[in-house]
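Student: Handing you this structure, nothing more for now.
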Amino acid sequence: MAPHYLDKCHSQELDASVIPERSRLYFLEPIAIGTPYVEGLVSYICRLAEAHHVSPGVLAKQEMLPSFRRTHSVGGKTAYRVQDEGLKTSVSSFPTPKYRKNLNEYGLLSWQYIAGLEPLIMQSGLRSLTIPPWAEETARPNQTIEFGRKLRSWCPECLRAWCDTNQPIYEPLIWSIAAATVCPLHHQPLRSYCPHCQRTQLPISGRMQVGRCVHCQNWLNVQPEEPSELETLVVSEIDWHLWVTERVVEILISNSIKAETRDEIERVIYHGGQPQPDLTDLNTRQAQGILLETCLQSLNKT
Ligand SMILES: [Zn+2]
Ligand SMILES: [Zn+2]
């Protein structure tokens, strides 16, 4: 007669057949989904990495990208996806997404990270953590338009408020949109220089942690003693910057523009209506103008 413990093992084997499939990685809920303060993809990857006690770089290299390559291959203009459908395998093809520098903007990099990550957490919908591909819907298909910032930016007041009230620390997507120069909650310029080491940083790096400087690891939840030149300009034209940022918030919430907002944007950018910026640097002005113009062309009225 078989020993009792073998019976027990056998019954566990049988039970395992009805246990639902487990995800390889622990699933974290993205923060503020469906709101203008939705978490950015970079922030989500950093928090997920921290939950697994690894760096974002290790998570990407050892898990997300190998997972992507198991089901996808990328050519110059065409990408392929292999799908296992039980007894047969199907291959679908589609245009390769355009390259974007900021991982929080939907493009070649974020597509690979998302396609690699979603099977690992057995969830979908991570694309809503990226800046939508507004430009692809315009009449300028050959022009590469990027809405993402070149540098990581943050609102120290938001970070401090979450620290003080023990809320999860994260970095909202709106901090990555170049046209949004102020925090819509605190009406202060977004910062790009660490208040401790005065250095700037790229939107993602292998050892990044949410809310902390990648160079000196200090919290970014304090205002700088000396604001940068651009931040000083933003303060001097705060009405304009708030107006643009509020439009960005509106577009992010519904991915559309109200008819009266559309008329107002047209009046401001085509007919010199108020508020008008005089001083802000050219790159920021261009980023704001391109976003407003593109959205006018691509988004339907509500
Ligand atoms: Zn804020
Ligand atoms: Zn620093």
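Student: With the chain treated as a Gaussian network of Cα nodes joined by springs under 10 Å, which of 180, 161, 287 yields the largest mean-square fluctuation?
Tutor: In this elastic network of the chain, the residue with the biggest mean-square fluctuation among 180, 161, 287 is 161.
Student: Between 166, 102, 283, find the one with the highest GNM mean-square fluctuation for the chain; connect C-alpha pairs within less than 10 Å.
Tutor: Comparing 166, 102, 283 in a Gaussian network model of the chain, the most mobile one is 166.
Student: How big is the charge dipole of segment 56-204 about its Cα centre, in debye rounded to the nearest 20, if each Lys and Arg gets +1 on its Cβ and each Asp and Glu gets -1 on its Cβ?
Tutor: Taking the Cα centre of segment 56-204 as origin, the dipole is about 500 debye.
Student: Give me the net charge for the shell around residue 174: Cβ to Cβ below 15 angstrom, other residues only, Lys and Arg +1, Asp and Glu -1.
Tutor: -2
Student: A further question follows. Output ³J(HN,Hα) for segment 192-197: one whole-Hz value per residue in order, computed from phi by the Karplus curve 6.51 cos²θ - 1.76 cosθ + 1.60 with θ = phi - 60°, and x for Gly and Pro.
Tutor: The phi angles translate into 10, 10, 4, x, 9, 10 Hz.
Student: Just grab the label-to-label distance for residue 266 and residue 27, each label 7 Å out from Cα along the Cβ direction, in nm (one decimal).
Tutor: Here the modelled spin labels are 4.5 nm apart.
Student: Please report Rg over Rh for segment 156-298, where both radii come from the alpha carbon positions and Rh follows the Kirkwood definition.
Tutor: Using only Cα positions, Rg/Rh for segment 156-298 is 0.99.
Student: While we're looking at this one, here's another question. For the chain, set up a GNM with springs between Cα atoms under 10 Å and report which of 190, 230, 117 has the largest fluctuation.
Tutor: Evaluated over the chain, the most mobile residue of the options is 230.
Student: For the chain, what are the per-bin percents of Cα-Cα distances with bins 10 Å wide, up to the bin holding the maximum?
Tutor: Reading the bins upward from 0: 6, 24, 30, 22, 11, 4, 2, 1, 0, 0.
Student: Determine the dipole magnitude for the chain: charges of +1 sit on the beta-carbon of Lys and Arg, -1 on that of Asp and Glu, nothing else is charged, the reference point is the Cα centre, and the result goes in debye to the nearest 20.
Tutor: 1020 debye
Student: Determine, from the Cβ-Cβ distance of residue 144 and residue 236 and an R0 of 45 Å, the FRET efficiency 1/(1 + (r/R0)^6), rounded to the nearest 0.05.
Tutor: 0.90
Student: Once amide H atoms are built 1.01 Å from N in the peptide plane, which residues 5 or more positions from residue 186, or in another chain, come under 5 Å H to H?
Tutor: Here the answer is none, since no amide H 5 or more places off falls under 5 Å of that of residue 186.
Student: Follow-up question, since we're still on this one. Projected onto the charge dipole of the chain (+1 at Lys/Arg Cβ, -1 at Asp/Glu Cβ, origin at the Cα centre), which of 194, 184, 208 gives the Cα projection farthest towards the positive end?
Tutor: 208
Student: With loop defined by DSSP as not H, G, I, E or B, and exposure as at most 13 other Cβ atoms within 10 Å, which is the longest segment of the chain clear of exposed chymotrypsin sites (Phe, Trp or Tyr not before Pro)?
Tutor: Result for the longest clean stretch: 100-302.
Bear in mind these aren't lab numbers, they're just calculated from the coordinates by the rules spelled out. Predicted model, so just to flag it, every value in this text is computed and none were measured. Cβ coordinates were reconstructed from backbone atoms using ideal geometry, including for glycine residues, and neighbour counts include every protein chain displayed.
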